[in-house]
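Chemist: Sharing a structure below in structure tokens format, with a few things to ask.
The values are calculated or read from the model by the stated rules, or taken from the named source; none is laboratory data. Given the structure is predicted, the values throughout are model-derived calculations rather than measurements. Backbone-built Cβ (ideal geometry, glycine too); neighbour counts: all protein chains shown. Please note that ligands, DNA and RNA were not included when accessible areas were found on the heavy atoms of the full protein model with its side chains. Shrake-Rupley method; radii C 1.70, N 1.55, O 1.52, S 1.80 Å.
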Amino acid sequence: MYTYVVRAVRPDDWASVKALRLLALRDPVADLAFYETYDEAAARPDDFWRERTAGGAEGAAGARQFVAETADGEWAGTVTVLVEAAGSVDWAGAAVERLQGGVVGVFVRAEHRGTGAIEALFDAALEWAWSWGAERVRLVVHEDNGRALACYRRLGFSPTGVAFEEQREIEMAVEPPGRARVSE
């Protein structure tokens, strides 16, 4: 069993952020889990990765990217939470009705699955979201991505009834501790 230190990325972590993302895009279910391909991501210039990393780094407004590190500094996985303000429009063009977090970019290296990395990442991500007053945290998962669906249910997420991509992707959400859960 591994012990993980979970922390927000730092702007100078951009090369590691890029490397982990490229690894994620090689995962067998990447076509179900991510909205870009390996080739698209690999073709992006280093300035893109610098800006992306800085936008989710400690102290950045609007997003936070967390990584789980092993004792020897290996990055086991990552998760990013975006701040979605009430009255804004989300990535799908829908109105955001309340202050919430949007989880994106979830990935755990194959050799770290089932070792507690995902739980550690989501503990940090949810704690951060609740700290700024998120009324819920949501994510979107493809209905054929059984591994991710099972994981998110285990972490307390429930389907909201909202679907995307001709009903193939479903929204799941979790409420802050002490509030009623989102129901199916």
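Chemist: Just one of the numbered conditions (1) assigned to a helix (DSSP H, G or I); (2) closer than 25 Å to TRP14 by Cβ is not true of VAL81; which one?
Modeler: Failed condition: (1).
Chemist: If you don't mind, another one. I'm checking my understanding of the structure. Among residues of segment 127-148 that are in a loop (DSSP other than H, G, I, E, B) and in contact (Cβ under 8 Å) with a residue 60 or more places away in the chain, which one is nearest to the chain's Cα centre (by Cα)?
Modeler: Within segment 127-148, the match that is nearest to the chain's Cα centre (by Cα) is ASN145.
Chemist: Any residue at all in segment 53-61 that's in contact with a strand residue (DSSP E or B) (Cβ under 6 Å, 6 or more places away or on another chain) and part of a helix (DSSP H, G or I)?
Modeler: Yes: one or more hits.
Chemist: Can you confirm whether ALA94 is open to solvent by less than 50 Å² (accessible area, probe 1.4 Å) and of a type in the set (Gly, Ala, Ser)?
Modeler: Answer is yes for this residue.
Chemist: Given the residues VAL89, VAL104, which is the only one that is in contact with a Ser or Thr (Cβ under 7 Å, 6 or more places away or on another chain) and open to solvent by 30 Å² or more (accessible area, probe 1.4 Å)?
Modeler: Only one candidate qualifies: VAL104.
Chemist: Quick check, is GLY55 under 17 Å from the mean Cα position of the chain (by Cα) and without any contact (Cβ under 8 Å) to a residue 60 or more places away in the chain?
Modeler: yes
Chemist: Looking at (1) open to solvent by less than 30 Å² (accessible area, probe 1.4 Å); (2) more than 24 Å from ALA24 (Cα to Cα), find the lone condition where ASN145 falls short.
Modeler: All conditions are met except number (2).
Chemist: If you check ALA124, ALA120, which single one turns out to be more than 18 Å from ARG10 (Cα to Cα), open to solvent by 20 Å² or more (accessible area, probe 1.4 Å), part of a helix (DSSP H, G or I) and small (Gly, Ala, Ser)?
Modeler: From the options ALA124, ALA120, the qualifying one is ALA120.
Chemist: Just one of (1) over 13 Å from the mean Cα position of the chain (by Cα); (2) modelled with pLDDT of 95 or more; (3) within 24 Å of ARG10 (Cα to Cα); (4) among the charged types (D, E, K, R) trips up ARG64, so point out which.
Modeler: Here ARG64 clears every test but (1).
Chemist: Would you point out the residue of segment 27-52, among those that are assigned to a helix (DSSP H, G or I), more than 20 Å from LEU121 (Cβ to Cβ) and without any contact (Cβ under 8 Å) to a residue 12 or more places away in the chain, that is least open to solvent (accessible area, probe 1.4 Å)?
Modeler: If we take residues in segment 27-52 being assigned to a helix (DSSP H, G or I), more than 20 Å from LEU121 (Cβ to Cβ) and without any contact (Cβ under 8 Å) to a residue 12 or more places away in the chain, then PHE48 is least open to solvent (accessible area, probe 1.4 Å).
Chemist: Now for a separate question. Please go through segment 8-26 and pick out each residue that is open to solvent by less than 40 Å² (accessible area, probe 1.4 Å) and either in contact with a strand residue (DSSP E or B) (Cβ under 8 Å, 6 or more places away or on another chain) or among the hydroxyl-bearing types (Ser, Thr, Tyr) (or both).
Modeler: Result: ALA8, VAL9, ASP13, VAL17, LEU20, ARG21, ALA24.
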